[in-house]
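Student: This is the structure I have questions about; it appears just below.
Every read-out reported here was derived from the displayed coordinates using simple, explicitly stated rules and does not represent laboratory data. The structure presented is a predicted model; accordingly, all values stated were derived computationally and were not measured. A quick note on method: Cβ atoms are made from the backbone with ideal geometry, for glycine too, and the neighbour counts reach across all protein chains shown.
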């Protein structure tokens, strides 16, 4: 099994849905072993539907403070995972000043779904569950660990 990175940055367009979900999921799974942060190309307030679907699995992201690449306090990451094409461009730009791996995980933007509240929540759940699967694949839990 590949060694886990010591620090991971998730990036998306607004740091209000996909990257905060990914940050919270990875922190939930490996927060004691990996430093995790998230960022957006631009910042908007945390999305209420994102908060709701993460709450469904027992993870609270309601206090997440959105930020942009320019607002990052620490720019030393082993891995940057971009979740949108716009964020991918900014992530690649980071490699000019920082030695890190960049991975592109194109992730559907659930705000593109229109319909009832339940239909919209369904789109957010799909993104959450897809992120959880990708994170578990990329950052597997230690099968020999306690728990």
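Residue by residue, here is whether (1) more than 19 Å from residue 93 (Cβ to Cβ); (2) assigned to a loop (DSSP other than H, G, I, E, B) holds:
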{"residue": "3", "(1), (2)": "yes, yes"}
{"residue": "11", "(1), (2)": "no, no"}
{"residue": "15", "(1), (2)": "no, yes"}
{"residue": "20", "(1), (2)": "yes, no"}
{"residue": "25", "(1), (2)": "yes, no"}
{"residue": "29", "(1), (2)": "yes, no"}
{"residue": "44", "(1), (2)": "yes, yes"}
{"residue": "60", "(1), (2)": "yes, yes"}
{"residue": "66", "(1), (2)": "yes, yes"}
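Student: If you don't mind, another one. What residue, among those in segment 84-93 that are in contact with a helix residue (DSSP H, G or I) (Cβ under 9 Å, 6 or more places away or on another chain) and touching a residue at least 40 places away in the same chain (Cβ under 8 Å), is surrounded by the fewest Cβ atoms within 10 Å (Cβ to Cβ)?
Tutor: 90
Student: Still on this structure, I have one more. May I ask you to list the residues in segment 68-99 that are closer than 23 Å to residue 132 by Cβ and not in a helix (DSSP H, G or I)?
Tutor: Passing the criteria: 77, 78, 79, 80, 81, 82, 83, 84.
Student: Here's another thing I want to ask about it. In segment 37-54, how many are under 19 Å from residue 103 (Cα atoms) and surrounded by fewer than 22 Cβ atoms within 10 Å (Cβ to Cβ)?
Tutor: Within segment 37-54, residues that are under 19 Å from residue 103 (Cα atoms) and surrounded by fewer than 22 Cβ atoms within 10 Å (Cβ to Cβ) number 2.
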